[in-house]
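Notes follow once the structure below has been shown.
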Amino acid sequence: MSGTEAVVMESSKRKSAQDHPQIAGTKPKRSRGATADEMADRQRDISVSEFFAKNRHLLGFDNPRKALLTTVKEAVDNCLDACEEGAILPELSVIIEDLQPDRPASAKSSRYRVTVVDNGPGIVRKQVENIFGRLLYGSKFHRLKMSRGQQGIGISAAGMYGLITTGRPMVIHTKPGATKAAHHIELAMNTKTNRAEVTLDKETTDFPPKRFRSLTAGTRSLAGESGGFLDAAVYRHGTCVSIELEGRYQRGRGSVDEFLELTAIANPHARIVFVPPSRVNDDDSDTPILAKVEAGAAVVAAVTTETQGVTVFPRAVQELPPEAKEIQPHPRGIELGTLLQMLKDFEASDHGTLFNFLRERFCRVSAATAGSLCEKVGLSSRRKVSDLDPSVTEKLFDALQNAKLAPPPTDCLVPIGVRQLLAGMLKGVRAEFYAASTREPAVYRGRPFQIEAAIAFGGELPGDETARVIRFANRVPLLFQQSACSSFKAVVETSWRNYNLQQPRGSLPIGPLVIMIHVASVWVPFTSESKEAIADYDEIRKEMRLALMECGRKLGTYLNKRQQMQRQGERRDIFERYIGEVSKALHDIAGVDTKKVHDALLKQARAHTAAADQSLDVDGKVVQEQESPDEEGIVVVQSAMPPSIERPTKRTPAPATLRPAGTADVKKPRKSADRDGPSLF
Amino acid sequence: MAKISKLSPSAATKARDRVTSQKIVAMAETVAKRALSGKEPVVSIPARTRSNTIWNKRKGILQMGDAAQERQLFNLNQAKNFMQTMLHSSSVKTLIEAEKTLSLRGMFYKGLHTVAGTKEKTFADQDESDGILEDLEVSIGALREELRIFAKKAGTIVGNVTLVDSGDEIDCRHMGSGGYAIPSIVEPDVIQFKKCEAEFVLHVEKNTVWNRFNEDRFWEKHNCILTEGGGQPPRGVRRMLRRLNEELGLPVYCLLDCDPWGHYIYSVIKQGSISLAFESERLAIPDAKFLGIRSKDYKACNLSDDVQIALNDNDVKRAKEIAAYPWFQAHKGWQREIEGLLTSGFKMEVESLITKDISYVTEVYVPQRLKAKDWLD
């Protein structure tokens, strides 16, 4: 985003072109070119809002379908950030209402109202206009702290898009505390001034707004349960944003559904309820990508369920991620321009010496280092920052770049965590095998980052298609521009053939596989403002590859083991098949007791194929974690294994402890299923 | 001249059967004992492989070495073979008890059934069954005839000799155009030599050539015995030749094609084969002689171009292999012979001599060679 604040464009350059013919009659010689004065008349500031109103594609509002998605995405990101900052387990409801349900079938788009309600800390009344009404206003841009949003463009841009396409203001309900009153505010943004204009402002008791509870059959049914849908006991405080906009609701790749599914995977600590519009576009033939289970069906862990059209992404882990710490920039990560700006900012401070500047405004600069840096540029450590001349600044910049410094602190990073990753994947992807790994933090351009990867294999995933890559940056799903993304390249570069998977040269592996990559960083390097792809830094790609290899190895080991089990099963089958013939022949020749020999041989056969037993002696548990310590970070769902592996059970008398597969899926009430998933970890 | 076994056939057979039966029971008991004491059931089978074949230079034959393979039940590759070995052992014991013999094909059917609880057959085809029987022979140290198994007849004899086969007297001078078919089992308790006036044995490769010689009454004119083995001679024919050579002291001359296959047949008759190395002592004829066809005959007999059959890659490969056999390697005549075959680039069948004259081979070629003692040995 560097430089966007300084955008100045000669937008109305040709505005007067139509006026020219009239002028031409009187002053023909000056028909071409304008005087500096005339030009100066036309030159004026362009507000950032105005700039983005004309360049909406930069923010992800290219077309109606994407506009709807971006609106939901920005609102959800903000809600999750707010909840986490307020140390509240996030509870989100996303409601999309179709405002033109009787539009003709051929309509390319329709008018929707997107409402997102959270149980976050709410917003103080006086800040409402700033947060929702101004572009580039926020708490996140000016600091290096890991968060979903970064620039403070998102939600206000969505509001602006709504205003442009429907003329309707943004409606905000916010309740900043359990005992405090809720406000109902409507605001329209003035693109010229980059300020919001409040059109309605009143106190209200309607939070969370009650009308949604009776919106559809699904919401009515869910609202009947305690904590099911917009329960006031859960939403004791929080914010509700409604934006009306011209959009298009369609399922499939790059849809709101996919976004929420992926968000739920990366945020297993959040509970999200999604009420889609009553009518989807007619040409919608796509099916949801990730599996959902009919509500009430037997479920073993916290899995996504659907009740009469309303999707519930349950909470899979009960603890909040630790709070991300804010850090000062690392000297290695800044540019000369940034340094100049930082120096300027520091001039105002009352102890504005160079020494203090270095100590306070950077991380990893100790007193000793600061002193030696001052020495290096030939200045006293007490020199005022305001006295520095540009040549010294440049020298200082070089010195900072070359100084021997510890890498930036990494406690500012909050990875999702292996356990949470697995819980998230288990919730959203119906597979047989799950593995996850979190890398140690690393640094690119002086900024710390951390890579996590997870894979899900087998089960209900399609076996003959290329693997699906799902990408996240600071827990936000990235839905577009996959092939431009560093993570995609890392997946392609990884040699999946080493792990018993097919992989055509230079492309994704083929098989029932979902690959997840998460980048956590105080500043995620995106390729563009719409935050769709991660820029290709060598350090980042390397870490991604290492994380993928870790998961791949686990998968490879598992597949080998599975194959071994299968082979052992077959072996036992063969041995046992021939034992009968052998003992009968021995009886015919030497008169030995057929049964005795048979039993003795059977005992030996079992011992020889002990590995096959591992799959048989499942204690009725459907989900079972591997116990050996080097196999941490994987989950195996036995019931999702291909049937060929279970085949030997037919020939083997079942041990007393073995329950037929499936009985473990005892019908549980859906609510408790959220909580008492099997002890996975 | 004739030698007749001292034992009467039935008494000899009974003694032999008793020994074989004991060997089979002993093997089964070992397996059962191991199984009951928790040890893996195994059968030791001497390896019938090239690496376990030893060239006995002094005796001039191929012999089987001491290497043995353990056939295990609990080995995926051997489990089925183990089971089949047990089945055939059981069948053989049944045969001995019933005092009957079966052909190889018969044994295949005797052991054939569906494995209980599956759709799998105990033997996929006769080849599988034949292999197991050969294993069983070496494993318990009993020959095929001792197991009461015979192969189909594939060999003919005619000439100045009188045999007794199972009590019937066979005068091989009065066998018409077809000759007497050499049985699979020609052991002394089945076949005895009663009278022999022949001076040598002429063994030809195949039936067509044998017919030529028989029609021309070659054996009568030259006072010899005429045999053929239908390509590579089966054990019965080789054993018969060996007995004629050993017991009656007749030299054996071979008339085979001039190609690697012909050379190989000669090698098998003379030294024995890898897969039957354990039988070489009984089958090989170290002083058998190779009469023809020789590579030099194309020029020597002034044959036309038409008889040439070009060597293919496989022939060349095979010829080089044969040249490397230790007994051929040390033999300059044979090295020259194979070299000649390779440089000429073509092979010749015995029948190629027919282009000279229908009876050239019987009236000119063989008598000349015998007279000139022009052979390889």
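Numbers for the structure displayed
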quantity	calculated
Förster radius 30 Å - calculated FRET efficiency between B:E246 and B:A67, Cβ distance, rounded to 0.05	0.55
Label point distance in nm, A:K325-B:R50, each placed 7 Å from Cα along Cα→Cβ	7.3
Rounded to whole Hz, the Karplus (6.51, -1.76, 1.60) HN-Hα couplings of the range A:168-182, x for glycine and proline	9, x, 7, 10, 10, 10, 9, 10, x, x, 4, 9, 8, 7, 8
Computed helical MRE - 222 nm, chain B, DSSP H runs ≥ 4 contributing -39500 (n - 2.57), nearest 500	-12000 deg cm²/dmol
Ratio Rg/Rh [Cα only; Rh per Kirkwood] for the range B:101-168	1.14
Förster radius 22 Å - calculated FRET efficiency between A:S214 and A:R236 (Cβ-Cβ, nearest 0.05)	0.55
Residues in the range A:543-581 that, when all protein chains are in place, have 30 Å² or more less accessible area than the chain alone would give (probe 1.4 Å)	A:R571, A:F575, A:R577, A:Y578, A:E581
List A:E85, A:E258, ordered by accessible area with a 1.4 Å probe, largest first	A:E85, A:E258
Surface accessible to a 1.4 Å probe, per residue, for the residues of the range A:331-402, Å²	54
With all protein chains modelled, accessible area of B:T362 [1.4 Å, Å²]	10
Phi-based couplings in Hz for the range A:120-133 (Karplus 6.51, -1.76, 1.60; Gly and Pro marked x)	x, x, x, 10, 5, 3, 6, 8, 4, 4, 5, 5, 9, x
For the range A:552-600: accessible area per residue (Å², 1.4 Å)	44
Gain on full stretching of the segment that runs from B:V115 to B:E339 - 0.36 nm per residue minus C-alpha separation	75.3 nm
Cα-projected label distance for A:R445 with B:T355, points at 7 Å along beta-carbon direction, nm	8.7
Label-point gap, in nm, between A:T204 and B:T101 - each point 7 angstrom along Cα→Cβ	10.8
Restraint check, B:K152/B:K317; A:K145/A:K404; B:K270/B:K296; B:K57/B:K195; B:K195/B:K296; B:K14/B:K59, Cα-Cα greater than 27 Å	B:K152/B:K317; B:K57/B:K195; B:K195/B:K296; B:K14/B:K59
Calculated FRET efficiency for the pair A:Q341/A:Q100, C-beta based, R₀ 45 Å, to 0.05	0.40
Accessible area per residue, Å², chain B with all protein chains present, probe 1.4 Å	44
Accessible surface buried upon B-A contact (total; probe 1.4 Å; Å², nearest 100)	2300
Carbon/sulfur fraction of accessible area - the protein assembly as shown, other protein chains in place, 1.4 Å, %	49
Taking all pairs of distinct alpha-carbon atoms in the range A:331-402, Kirkwood radius in angstrom	11.8
Neighbouring partner chain Cβ atoms per residue of A:589-597, average, 10 Å criterion	6
Simple Cβ-charge dipole of the protein assembly as shown, Lys/Arg +1 and Asp/Glu -1, about Cα centre, in debye nearest 20	880
Average other protein chain Cβ within 10 Å of Cβ, residues B:93-102	1
Calculated Rg and Dmax of chain B using C-alpha coordinates, Å	22.7, 74
Reference-scaled alpha-carbon Rg (2.2 N^0.38 Å with N residues) for the range B:117-250	1.22
Percent of Cα-Cα distances greater than 49 Å, calculated over the protein assembly as shown	54
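The values are calculated or read from the model by the stated rules, or taken from the named source; none is laboratory data. Not measured: the values here are computed from a predicted model. Backbone-built Cβ (ideal geometry, glycine too); neighbour counts: all protein chains shown. Areas reflect the complete protein model, heavy atoms only, side chains present, ligands, DNA and RNA absent. Shrake-Rupley method; radii C 1.70, N 1.55, O 1.52, S 1.80 Å.
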